[in-house]
Amino acid sequence: EPEIVSGPAAEPDCFAPWTAETKFFKFPKKDGPYRVALANGFIANTWRIQMIQTAKAYAAQPDVAAKLKEFKVVSTGEDVPAQISAINNFIDSGYDAIIVNAQNPTAFGPVIKRAKEAGIVLVAFDNILDTEDAINVNVDQKGLGVLWANWLAKHLPEGGKILEVRGVAGTSVDTDRHNGIHETFAATGKKWDVVEVIGKWDDPTAQKATADAIAVHKKFDGITAQGGDTGVVQAMIDAGHPFVPFGGETENGFRKFCAKHAGEGLKCSSAGTGPAQVAVAIKTAIAALEGQVVPQSIKLPLAIVEDPNFKEGQDFYPDQSDNFFVGNAFPTCGINFTAQEIMGQTKENQ
Amino acid sequence: MSEWRYWLNEQRGTLTGLAIFLVMFSVYVANHPAGFTANVVHTAANKGVLLAFVAMAQALVVITAGIDLSVGMILVLTNCLASWIVVGGAVPTALGVAAVLATGTLCGAINGALVIYGRLQPIVATIATGAVYFGLGLLLRPFPGGSVNEDLADALTGRLFGVIPSSLVALAAVVLLIWLPFRRSVAGRAAFAAGSSEPAAFMSGVPIRRGKFAAYLLGGLLAGMGGLFLTFFTYTGEAAYASGSAYTLWSIAAVVLGGVSLYGGRGSAVGAIFGAFAARTTGDMLFAFDVDPLWQPLLQGIVLMIAVSIGSLALLRVRNRLDWFQ
Amino acid sequence: MGEIQATSPLFRMEGVSKRYGGVRALESAHLDVEAGRIHAILGENGAGKSTLIKIMAGVVAPDEGRMLLDGQDVSFRSPAAASAAGIACVFQELSLIPDLSVADNIAIANPPRRFGLIDRRAQRAIAEEALARAGAEDIHPRTAVKDLPLSRRQMVEIAKALASGPRILILDEATSALTAGDVAKVFAVLKGLRSEGLALLYISHRMHEIAELADTCTVFRNGRNVANFSAGSRTNSEVVEMMIGREYSNVFPPRQKRTIEEGKAPVLECRNLGWSDRLRDISFSVGEGEVVGLGGLEGQGQRLLLLALFGVLRGMSGSVLIDGAPAAISGPAAARKPPHSMALIPEDRKTEGLMLPMTVRENLSFAALDRVSRGGVIDRAKEEQLIDEMLRLLEIKTAGLDVPAGALSGGNQQKVVIAKWLMREPRIILLNDPTRGIDVGTKQELYRLLRQLAEAGAAIVFYSTDYDELIGCCDRVLVLYDGRVVRELEGDQISERALIASALNVEAGQEGTAA
Amino acid sequence: MSETSESRLSVKTRRPGILRRADPAVLTAFGCILLLLLLGSLYSSNFLSPDYLLQQLKVASFLGVVAAGMMIVILLGHIDLSVPWVMTMGAMMACAAAGFGPAGAFVAIPVGVLSGMAFGLLNGFGVAYLRIPSMIVTLASNVVAQGLMVVYTGGFSPQDSAPPAIRWLATGALVPGVPNAILVWFAVSAAMVFLLTRTAFGRAVYGIGNSERAAFLSGVGTRRVIMIAFVFSGGLSAFGGVLLAGYASKAAQAMGDAYLLPSIAAVVLGGTSILGGRGSYLGTVAGVILITLLQSILSVMQMPEAGRQIVYGVVIIVMLLLYGRAPPSR
Ligand SMILES: Nc1ncnc2c1ncn2[C@@H]1O[C@H](COP(=O)(O)OP(=O)(O)OP(=O)(O)O)[C@@H](O)[C@H]1O
Ligand SMILES: Nc1ncnc2c1ncn2[C@@H]1O[C@H](COP(=O)(O)OP(=O)(O)OP(=O)(O)O)[C@@H](O)[C@H]1O
Ligand SMILES: O[C@@H]1[C@@H](O)[C@H](O)OC[C@H]1O
Ligand SMILES: [Mg+2]
Ligand SMILES: [Mg+2]
């Protein structure tokens, strides 16, 4: 059971509390090296693969490896109960800390309770847990929507017709981002005509939906998309749609387009956090096990790049895959992977 | 042949399912860091029971030579519904449970009506109804949330006398109260008969429609129980499309592993339960063995491939090639 | 013609008609069925016999007409309704459910119940009793039907009909797959039932069975009942003429005297063929132009032997020689190719010979596509030409080449099966009971065809369950018993008496003199 | 069973002339397409614009290619559930091959298609030789394919952007105004019609779908035919993936997920019997267009996802009730 203490956290730049009200935890110090587990849900997209590669790379860094007796990763697929069971199994097998990318933020109540009773440090990231009893390494999903909407509002001061490409229906991430966008638009008091289509965070799907929307609506004044951004731009190009301001995520392909077509009007805000947040989560878990003070909810800095600041070799990599998410570094936490070294790592090792 | 040989022959599929499960589970437990403890069994039981309900639902329909590609979505829909109404005191909770089960049953009845009275092919009819059920689930839960009567949930997902997982007890009760009577009923026999040979069943005056309808209907009920248990297990409702599809696909794998013939007429829901537990254990194996995380999905695929190929060993014994086509 | 004036029949059909699309399967049919009598229904293929019975049994709904049971109007909405009224039926197509046990099947229509659930103990008792009544005590009630051979299944079917305690029992070609011993048992049972006062309807294409059993006969032709008379009041050929509506003579074509070339190897030769314990040490040869019959009781390995020759069975011992050279035939695909050039007319034309929903054209050329195509592409003109030849050769009656094969009458379906193999110009032709369920007229055509093919140089192996056919068609007959060839009869030796004696594997005194 | 087909066909024989050859299901499917467009045009006249229609045909062509493979397998009375990841694999392998310099670019498309054919071979072997129900073999091989792609993506820093040739194949315009994808689909369709109606293989496929036993006893190498059919299906799925990669200009994980159920639905809505043995390729084309249009119109009308799913399901059911019913049993 952690002690509730007052801040600041051990590494305040990295372990930034979510709000001023955020509690701080101090777990009883345990002697290392530790057994740490990562319970991932589904695995079959680039983001997740990149995340797992980052986790392995981070755990293998000499200073981190020295603190770890074991680092085990299990991916349980789409099914929430399977993930719950995996965490239960980790608890029963006596792991010191469990890191989770939760399939469903609200489903883990009983396991959180068990972990707490067993004195296990539970850290959630990316898809975090709806609880104050575990540590959340958090991305401000709603804030992301707000950011994109503000970007569009800045470029379209009079409002306009917007295409919003949404993610996977039924998830909280999609809903949060959507709400952020709409609340922000509403607050401007301008007239916004938002056409929503569903891209499912998938390039071909988003591309198709965008192409259809363009064929029927002919012209949009601005576009925002969560995931599938590369496909959305591709659809604009294919349809000869004029380039317009765009708020989107951080795929390398998207950023390539943003850099290339900025002059023609593709003014982008590209923001999000990369899969490297898993490293922050591991770091947090180790810190907690070492008895350091950590916030219950850690706010990850958004990696934001906006027009005209797209820099080749830093914000995007023209020769690399479209699919990976740039912004894989958290300098404030001393985590400085570049995406391509992550995705290439095993290749070199082999 | 003596009587027990007949029994063995009748139960061959189910026993194969049991054997596959036992082998896999022993290997799993033997390699589990915590070993064979009440906790480990409890965890495996809770996870297995969910798929077991869905697999039983699938088995009932498969026995009629049909297939239900909407079971996973019935699970999702009932989960979303339960997260709204299985709350509050004893009476509202009980009413909520009844309403959730009734909804599952209704979904099954719709599938049955389309297949039997609408004369649609089960594969496509249930692909379509699956979309509808998922859509309804999404209407109920545009994003994850809701709650459930936690006392009831804990009781049904906890342990009896500190050792026996109560979810297993619930599952056994369902087998006893639904499957066994069904199998012994005229409708149940009609379901088997229709699955084995519909023209012969018709000529024999078997109430085919009633039997098939009952199978679909009970299938919906069982899938609804799965949804209810999902809610008990997660305290929440979520319209997760990928998860619904995954349950559907794994339910097919489970019935095959459990010795239910996809051609109809043969198999038992008990076998499907073992199949479900075996299927779940393929995932658990990855936990017990130290497998590179990126290799896990591949390994699971290969284990599944091997498990479903086991049945084809019998083929080596076929000496009259015409027997291939039975 | 009617000599029978029943006072009040148990069951009566008046003006019953049934159409399938344009086909009039039954045309204002009349039928009186009386208690305590065995009533035979005769007619060639497609005459409407089965349709009549399906209507009685509630399987098919009639288009018009009425039915009376005990003078009361009845109409059956389902087989269950007919069964409840006391009508039990043994169908031509077996109506057993393969995955259920014998007991389940026997009690299927109305299983005994306790507390609303099926009482398996009681059910088993019922099954045992019914099996005993049908004379099939050897069948264990727990066996799955699919594990039984065809002849046993037919016995189960009969037991099932008896178990429902019927007042009217209908048997539609119910003995076609039975062994002689079973037939005798079944006949005894039927006679017993008659004396108990049941009404029995009996359909069969076997005239001698009808002669033995029937009290009354009704003949159907083209969906109408054309004659009604007491058994024994007409000669066989009169009856046949009523059935086919024309004169009936010279059933079997004359045999040509064969001259065997010196030193020429037989076209087909088997040496010590064995498979499991079902075929044992079988050796024989078939020369060019020869028709060799396979005789014996059902299920003595004749069908398996044909399948073995055609490469369907795995793990055979012994050897097969073609033109004196050892041949390893790995399956039908290999068997049909030169130099083997074999053809097999299979047992069941509906599931093994034809794809019923596909067109007559597609069925005809199906086995010969390699001969009418180049590089896998079908040459339609060539296909058409071959098909035309076959239609003319076999006089297949069809509304066109684009109608589904399933729409043809049974006899014509069988002709299509034969035609599709003749398109390959086979040298070795294996026939598996090709005339089963075929009417006399068509049979006659088939006999002629066989002879023609033999004269053209084919080697023919001909399995038949009909002794007359073996006698009339074959140059030699091998009689099988328990997977072995127990006798080889040649020329005048082939007589009914000799065939039966060897089939039962008993020593028959003076074969030569039998009728 | 035989009654079923007999009475269906007896209807057919009564209809005159040209109509006799056209399947009523195909006609109804095309009718539904027109109806959909009409309904759509009430929302926006742009639904009838050539731009929009070409765009639909282009997008339909990916599904069309996949559905062609699915149809062969369904005609046999089987099914191929490995479509999603075989498609993804085809796309990823093609793009990966293109990473190996000019030679790679040259073989990219064949490599993608071949990888799909290899999986088809695995499926076909399981179905034809091991006689495992296709539903379960292909389900398992889908999991295996997914596993391979995860390992591959994680381990090999793959090249995944589509090379120009693949781009061109999907989005270029050999005939001005007509995207090549449509031409490719047309070519695949022409080949399919030829294959199914003019070749011995096509006849064998229908024959096996109607009665595998009869086909076997007719001397058809049924196992080989079944295996080849699955190889076709795998190859076409992968080819669909390649085209999709060309459209999206890259390959990505899970890109085939959205194609499994629609490809089955398209084949069946086009009048092919899921039990095998019956169906015409033209119907599949109609089914593909129907599904694509339906999805697109619902998407553009901004129907929320929940409503889209419900409408999508209901429309399929209604259409099946219109013309996809089995005949009554009595
Ligand atoms: N389900 C059906 N659909 C279409 N036509 C049918 C159907 N059943 C029977 N017929 C046709 O009705 C006619 C009478 O058939 P039925 O089966 O009654 O003949 P049958 O006298 O029993 O012949 P067999 O001696 O061959 O058994 C035939 O022309 C047959 O093709
Ligand atoms: N289901 C059907 N659909 C269309 N036509 C059919 C169908 N069944 C039978 N027919 C046709 O109806 C006619 C009468 O059938 P029936 O069985 O009486 O033939 P048949 O000429 O007496 O032949 P056979 O002597 O071989 O029995 C045949 O020409 C047959 O092709
Ligand atoms: O956060 C999301 C992550 O969970 C998913 O796996 O990929 C897309 C990301 O936006
Ligand atoms: Mg006739
Ligand atoms: Mg008949």
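The values are calculated or read from the model by the stated rules, or taken from the named source; none is laboratory data. Keep in mind the model is a prediction, meaning the values are calculated, not measured. Positions of Cβ are generated from backbone atoms using ideal geometry, with glycine treated the same way; all protein chains shown enter the neighbour counts. Areas reflect the complete protein model, heavy atoms only, side chains present, ligands, DNA and RNA absent. Shrake-Rupley method; radii C 1.70, N 1.55, O 1.52, S 1.80 Å.
Condition first: in a helix (DSSP H, G or I) and open to solvent by 10 Å² or more (accessible area, probe 1.4 Å). Now tell me which residues in the stretch C:188-209 satisfy that. Correct list: C:Ala188, C:Val189, C:Lys191, C:Gly192, C:Arg194, C:Ser195, C:Glu196, C:Met207, C:His208.
Residue by residue through the stretch A:107-162, note down the ones that are part of a helix (DSSP H, G or I) and either more than 26 Å from A:Pro301 (Cα to Cα) or within 14 Å of chain B (Cβ to nearest Cβ) (or both). Quick ask: steps written out before the conclusion?
Step one: filter the stretch A:107-162 for residues part of a helix (DSSP H, G or I), giving A:109-117, A:141-155.
Passing the criteria: A:Gly109, A:Pro110, A:Val111, A:Ile112, A:Lys113, A:Arg114, A:Ala115, A:Lys116, A:Glu117, A:Gln141, A:Lys142, A:Gly145.
Within the stretch C:373-409, how many residues are within 14 Å of ligand 1 (Cβ to nearest atom), more than 8 Å from every other protein chain (Cβ to nearest Cβ) and open to solvent by 20 Å² or more (accessible area, probe 1.4 Å)? So the count comes out to 3.
Go through the residues of the stretch A:88-105 one by one and say whether even a single one is at positive phi, open to solvent by 10 Å² or more (accessible area, probe 1.4 Å) and within 16 Å of ligand 3 (Cβ to nearest atom). First the steps, then the outcome.
Restricting attention to the stretch A:88-105, the residues satisfying the condition of being at positive phi are A:94.
Now restrict to residues that are open to solvent by 10 Å² or more (accessible area, probe 1.4 Å): A:94.
After this cut, where a residue has to be within 16 Å of ligand 3 (Cβ to nearest atom) as well, the list is none.
No: the stretch A:88-105 contains no residue that is at positive phi, open to solvent by 10 Å² or more (accessible area, probe 1.4 Å) and within 16 Å of ligand 3 (Cβ to nearest atom).
Number of residues in the stretch C:314-326 that are closer than 25 Å to B:Leu316 by Cβ and either open to solvent by less than 50 Å² (accessible area, probe 1.4 Å) or touching a residue at least 24 places away in the same chain (Cβ under 8 Å) (or both) equals 6. When D:Ala229 is tested against (1) within 22 Å of D:Val73 (Cβ to Cβ); (2) in a loop (DSSP other than H, G, I, E, B), exactly one condition is not met: (2).
Name the one entry in C:Arg206, C:Arg194 that is within 15 Å of ligand 1 (Cβ to nearest atom) and either in contact with a Ser or Thr (Cβ under 6 Å, 6 or more places away or on another chain) or not acidic (Asp, Glu) (or both).
Details: C:Arg194 fails: within 15 Å of ligand 1 (Cβ to nearest atom).
Going through C:Arg206, C:Arg194 in turn, the sole match is C:Arg206.
With the requirement that a residue be within 19 Å of D:Ile109 (Cβ to Cβ), hydrophobic (A, V, I, L, M, F, W, C), under 20 Å from the mean Cα position of the chain (by Cα) and buried (at least 24 other Cβ atoms within 10 Å of the Cβ), what does the stretch D:119-167 give you?
Of the residues in the stretch D:119-167, the ones within 19 Å of D:Ile109 (Cβ to Cβ) are D:119-121, D:145, D:149, D:152, D:158-167.
Those still in the list that are hydrophobic (A, V, I, L, M, F, W, C) too: D:119, D:121, D:145, D:149, D:162, D:165-166.
Narrowing further to those that are under 20 Å from the mean Cα position of the chain (by Cα): D:119, D:121, D:145, D:166.
Residues satisfying the conditions are D:Phe119, D:Ala145, D:Ile166.
Condition check ((1) out of contact with any Leu (no Cβ under 8 Å at 6 or more places or on another chain); (2) surrounded by fewer than 17 Cβ atoms within 10 Å (Cβ to Cβ); (3) within 14 Å of another protein chain (Cβ to nearest Cβ)) across all residues:
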{"site": "C:Pro332", "(1), (2), (3)": "no, no, yes"}
{"site": "C:Pro339", "(1), (2), (3)": "yes, yes, no"}
{"site": "C:Pro357", "(1), (2), (3)": "no, no, yes"}
{"site": "C:Val360", "(1), (2), (3)": "no, no, yes"}
{"site": "C:Phe366", "(1), (2), (3)": "yes, no, yes"}
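Quick one: count up the residues across the stretch D:268-286 that are modelled with pLDDT of 95 or more and within 11 Å of another protein chain (Cβ to nearest Cβ). Counting residues in the stretch D:268-286 that are modelled with pLDDT of 95 or more and within 11 Å of another protein chain (Cβ to nearest Cβ) gives 0.
Within the stretch C:7-52, how many residues turn out to be assigned to a loop (DSSP other than H, G, I, E, B), within 14 Å of chain D (Cβ to nearest Cβ) and within 16 Å of ligand 4 (Cβ to nearest atom)? Give the derivation first.
Keep residues of the stretch C:7-52 that are assigned to a loop (DSSP other than H, G, I, E, B), which gives C:7-10, C:21-22, C:34-37, C:43-48.
Those left that are additionally within 14 Å of chain D (Cβ to nearest Cβ): C:21-22, C:46.
So of that shortlist, the ones also within 16 Å of ligand 4 (Cβ to nearest atom) come out as C:22, C:46.
Matching residues across the stretch C:7-52 total 2.
Checking B:Ala214, B:Ala190 one by one, the residue that is more than 13 Å from every other protein chain (Cβ to nearest Cβ) and either in contact (Cβ under 8 Å) with a residue 12 or more places away in the chain or open to solvent by less than 50 Å² (accessible area, probe 1.4 Å) (or both) is B:Ala214 and no other. Residue-level analysis places A:Lys200 outside the set of residues that are open to solvent by 10 Å² or more (accessible area, probe 1.4 Å), within 19 Å of D:Leu294 (Cβ to Cβ), modelled with pLDDT of 90 or more and out of contact with any strand residue (DSSP E or B) (no Cβ under 7 Å at 6 or more places or on another chain). Restricting attention to the stretch C:419-427, does a residue exist that is more than 11 Å from chain D (Cβ to nearest Cβ), within 16 Å of ligand 1 (Cβ to nearest atom) and open to solvent by 40 Å² or more (accessible area, probe 1.4 Å)? Within the stretch C:419-427, not a single residue is more than 11 Å from chain D (Cβ to nearest Cβ), within 16 Å of ligand 1 (Cβ to nearest atom) and open to solvent by 40 Å² or more (accessible area, probe 1.4 Å). Listed here are the strands (runs of 3 or more DSSP E) enclosed by the stretch C:53-157 that have at least 2 residues being without any contact (Cβ under 8 Å) to a residue 24 or more places away in the chain and more than 25 Å from the chain's Cα centre (by Cα): C:72-74.
Residues are listed down the side, and each one gets a yes or a no for (1) within 16 Å of ligand 5 (Cβ to nearest atom); (2) of a type in the set (Ser, Thr, Tyr); (3) over 24 Å from C:Ser204 (Cα atoms):
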{"site": "C:Pro404", "(1), (2), (3)": "no, no, yes"}
{"site": "C:Asn432", "(1), (2), (3)": "no, no, no"}
{"site": "C:Gln444", "(1), (2), (3)": "no, no, no"}
{"site": "C:Leu450", "(1), (2), (3)": "no, no, yes"}
{"site": "C:Tyr467", "(1), (2), (3)": "no, yes, no"}
{"site": "C:Val477", "(1), (2), (3)": "no, no, yes"}
{"site": "C:Asp482", "(1), (2), (3)": "no, no, yes"}
{"site": "C:Glu488", "(1), (2), (3)": "no, no, yes"}
{"site": "C:Ser495", "(1), (2), (3)": "no, yes, no"}
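Of the candidates D:Tyr43, D:Tyr52, the single residue that is facing another protein chain (nearest Cβ under 10 Å), modelled with pLDDT of 85 or more and open to solvent by 40 Å² or more (accessible area, probe 1.4 Å) is D:Tyr43. Does C:Arg24 meet the test of being closer than 19 Å to C:Leu201 by Cα and either more than 16 Å from ligand 5 (Cβ to nearest atom) or in contact with a strand residue (DSSP E or B) (Cβ under 9 Å, 6 or more places away or on another chain) (or both)? So C:Arg24 does not fit the description; no. Cβ separations smaller than 6 Å between residues 6+ apart or across chains give the following pairs from the stretch C:271-297 residues that are open to solvent by 10 Å² or more (accessible area, probe 1.4 Å) to residues that are of a type in the set (Val, Ile, Thr) and in a loop (DSSP other than H, G, I, E, B): C:Gly287/C:Ile260; C:Glu288/C:Val267; C:Leu297/C:Thr179.
Looking at the stretch B:236-326, what helices (runs of 4 or more DSSP H) fall wholly within it and have at least 1 residues that are within 18 Å of B:Ala44 (Cβ to Cβ) and more than 12 Å from chain D (Cβ to nearest Cβ)?
Values: elements: B:241-257, B:269-288, B:296-309.
Because the criterion is at least 1 residues that are within 18 Å of B:Ala44 (Cβ to Cβ) and more than 12 Å from chain D (Cβ to nearest Cβ), the helices (runs of 4 or more DSSP H) in the stretch B:236-326 that meet it are B:241-257, B:269-288.
Determine, yes or no, whether C:Ala40 is surrounded by 22 or more Cβ atoms within 10 Å (Cβ to Cβ) and more than 12 Å from ligand 5 (Cβ to nearest atom). So C:Ala40 fits the description; yes. Of all the numbered requirements in (1) under 23 Å from B:Gly135 (Cα atoms); (2) touching a Gly at 6+ places or on another chain (Cβ under 6 Å); (3) open to solvent by 20 Å² or more (accessible area, probe 1.4 Å), A:Lys208 misses one, and that requirement is (2).
Beta carbons closer than 6 Å, at least 6 apart along the sequence or on distinct chains, pair a first residue in the stretch C:427-448 that is hydrophobic (A, V, I, L, M, F, W, C) with a second that is within 16 Å of ligand 4 (Cβ to nearest atom) and assigned to a helix (DSSP H, G or I) for C:Ile438/C:Gly411; C:Ile438/C:Gln414; C:Val440/C:Val240. For the stretch D:250-306, the tally of residues that are of a type in the set (S, T, N, Q), in contact with a Ser or Thr (Cβ under 7 Å, 6 or more places away or on another chain) and assigned to a loop (DSSP other than H, G, I, E, B) stands at 2.
Going residue by residue through the stretch A:35-50, is there one that turns out to be over 18 Å from the mean Cα position of the chain (by Cα) and open to solvent by 10 Å² or more (accessible area, probe 1.4 Å)?
yes
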